[in-house]
Each structure stands twice: as C-alpha cells, then as structure tokens.
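Below: the structure, in structure tokens.
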Amino acid sequence: MQEHGWLVAFVGLIAGGGLYVGKLTRRIRLPSLIGYMVLGVVLGVSCLGVLSEARLEKLSFITEIALGFVALTIGAELNLRELRRQSRGIVWIILFESFGAFTLVFAGIYLTTGDLAMALMFGAVAPASAPAGTVAVIQEYKAKGSLTRALYAVVGFDDALAIGIYALAAAVARGILTAEAGMATSGWQGTVLDAGREVGLSLVVGAGVGFLFNALVVRLRSSGEVLMLTFGAVLAGVGLSVQLDTSLILTNMVIGFILCNLRKEPEVSKVKRPVGLFMPLIFVLFFALAGAHLDLKMLPALGLVGVVYVLCRAGGLIGGASLGAAVGGAEPKIRKYVGLGILSQAGVAIALALISKEQLAALKFEHAARIGASLITAVTATSIVFEIVGPILTKIALQRAGEIAVQEEAPKGGSQQAGTRKG
C-alpha cells in the first residue's frame, strides 16, 4: 500500500476510534477531547509511532482546516449588540483578565528560562479559555444571578481578545527567532511592523472573504448548500492565510464576526446548524492530531516551566478579573469570584499551540522548533489540569456567591463535564 493509502487509513482509524474513546472518556466524567488527545498520544510519536513527524506534517492541512472552522464558530458568537447590552464592568473584566494572564505568564516564563521568544509564545496562548467547561457547570446546577450572567458574558467574548493578543505576540516572537537565525533584514522596529502587517492583512483578507460569503449565503435555502458555501469560505480563508503568511485563525474569526453582526439571528443560525453537525468530526481529528504531537519524553524537562505556566496563568486570570471588576464598578461578589469561574482551558489554547508548532517548525531553525515542541507539550498537559480543576472552582465560586444551593448534589446519572466536549 502506498504512503497516502496509510494516511487515509489512519484518518479513518482516528475518526472511528475517536467516537468510542470519547464515549469512554465521558463515562469517567472527563471531557471528550481528553480521550481524543489520548488516542493521538497512543498513535503518535510518544507511543506506537504510526503517526510519525513526517506523516503528521503531511496531515497538517487537516489541522489547518479544523482551526479555520473553530475560528469561524468563535467569530460567529461575537455579537456586538450583545456586548453593548452588558455592563461596562464586563468589558473591563475581559480586558484585565486577558492581559493579566498574558503579562504574568510572559514574565514568569522569561524569568524562568531567559528566552524572550519562548516567553512571548507561552504568554500568547495563556488568555485563551474553554467556555464549555464553565457553561456546563452553570447549566448542570441551574445557577442564576449576577455572577452567572457575568461568567456567561466573559467566557463568551474573551477568546476573541485572546486570539488578537496571540496574533500580535506570536508574530513578534517569530520575528525575534528569524532575526536570531540570521534570516531577518530589519531590527526590532521592523519586527514589530511585520507583526502589525500580519495582523492587519489577516483582518483585510477575513473581511474580503467575509463580506463575499455574507452576500452569497443569505440567498441559499438548503442546509447542504449552506454547508458547501461555508466550507468553501473557510478553505479560502485558510488557503489565503497560508499563502500570504498571515493568521488563519484571525482571518476566519473575522469571517464569522461579519456574518454575526450583519445578519439577524435566524440567518446566522442557518449557518451554525449545518456547521454544528460537521464539527464533532473536526474536533476528533483536530485533538487526536494534537495529541499525536505530544512528546511525553519532554514532560520531565518541562516540569518547572509547566508549573510556572499554571500558576502564572491562574494568577493573571483571577487577579486581572478581580481588578477589572473593581475598575468597572462591579458588585462585590463578582469582584471576589468571577476569576475562579474562567480557568478552564482546552480547545482554543491547544489550537493556538499546535499552529505555533507548525509555524515555528517551518522556520527550519532548531531553537524555533524546540520552542514549538515545548509549547504544544506543555499546553496539552496543563490543559488537562485546567479542565479538571476549572469546573470544580466554578462550582465553588457559584456556591459562595449564593447562586446555587450548597447542599445541592450533581445528578447521579449526569455528567458535570457533559458540555465540555468542544472546550
């Protein structure tokens, strides 16, 4: 059998095996994505090795398409009308917790390693959260109140800012590494300008594809036709981003953002429904391939870096959210507890780490490749910690705020993590 035949067979194995591994993972009250990643680890470089680095590189287009769809769905939730309806305090919370996580992680990793580019990359992925973990706890315990509303708003909008922070910080880090490898022709000012051009061009490309998609999709009626056009828009966004060396995540998020804000909810739902049916397969393939990149041999060496990342990210989110709530004049219980409800981290952070690994490996520079491998390994491993601890702390915060009964227990047949499949 030729090599491409093996690759197709492995993709089929991941899709089919991921279904049952995800079911098993949910039975032990963990998010499905953990099971998908474990499947990838078993098939990847750390265990069986059937998904070698060379094969993973050939399958990288699947990761890029998956990231495009993830970014589109995030953008399609960013309704500016809804954000304006929120209190001024919510905006300050989002700003302070996102930049707080970036700043503390950047500082902590730099003081630990002395590596500026590595610190920027770790800081760039720190603000990203997993809203599904928080929402699952709220819905399971039927929480109600001002803290609950604040948590819904924060986890719904902060990933957009996180992607913006990532796009700029990662571009600067790649510029530093390019200069370090002797491939750059400009100094620090040029590096910053290159990063700004990358972000700006991503916005322009996303807007161009987004306005065209928005004009065409409204004329379609069949769900199949809508899915075909959506698939075409995502692939166009991904392909142009790769060709122009811009952020495919930011580009596709803009496509979704334009749709969400130019069309009414029924029209937006017409796109979301067929895409939602397609997304489970996307998540299985994406997280399994992310797990296949995880090099377990690197974990001992990353011990201190991993601990610093976990502590600094938690401190930045909790402290930043509390400070933002105070600046925005939020009520006392929101100031005290909102940070505890936003610690979950999984899908978006792993997505950013994986695309970083591929972009840094493309520089063909050993230091850059080592940073990329360290990033995906650390973020994947620590996301498991955050996905377990995050929902627990969310429940504690809601209990202390008096928005769920302290004595209330989770339904015996339910799963606290049932809603975290896409986190």
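None of the figures in this text is laboratory data; all of them are computed from the coordinates on show. Since the model is a prediction, treat every value here as computed from it, not as a measurement. Positions of Cβ are generated from backbone atoms using ideal geometry, with glycine treated the same way; all protein chains shown enter the neighbour counts.
Listed values, structure above:
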| quantity | calculated |
| --- | --- |
| Listed residue (L220, V305, S146) projecting farthest to the positive dipole end of the chain, Cβ model | S146 |
| For the range 3-404, size of Cβ-based charge dipole, Lys and Arg +1, Asp and Glu -1, in debye | 1400 debye |
| Residue among A401, A170, A353 with the largest mean-square fluctuation in a Gaussian network model of the chain, springs linking Cα atoms under 10 Å | A401 |
| Mean ellipticity per residue at 222 nm, deg cm²/dmol - from DSSP H runs of n ≥ 4 across the chain, formula -39500 (n - 2.57) | -26000 deg cm²/dmol |
| Greater than 20 Å apart at Cα, pairs in K297/K357; K333/K395; K144/K336; K58/K297 | K58/K297 |
| Of L168, V338, T382, farthest towards positive along the dipole that unit charges on Lys, Arg, Asp, Glu beta carbons give the range 3-404 | V338 |
| Helix runs (DSSP H) in the chain reaching 24 Å along axis by Cα, Kyte-Doolittle at least 1.6 | 303-327 |
| Proximal charge balance of S269 [Cβ under 13 Å; K/R count +1, D/E count -1] | +2 |
| For the chain, the longest site-free run once trypsin sites (Lys or Arg not before Pro) in DSSP loop states with at most 10 other Cβ atoms within 10 Å are removed | 1-218 |
| Gyration tensor over alpha-carbon atoms, the chain, equivalent ellipsoid semi-axes in Å | 30, 26, 24 |
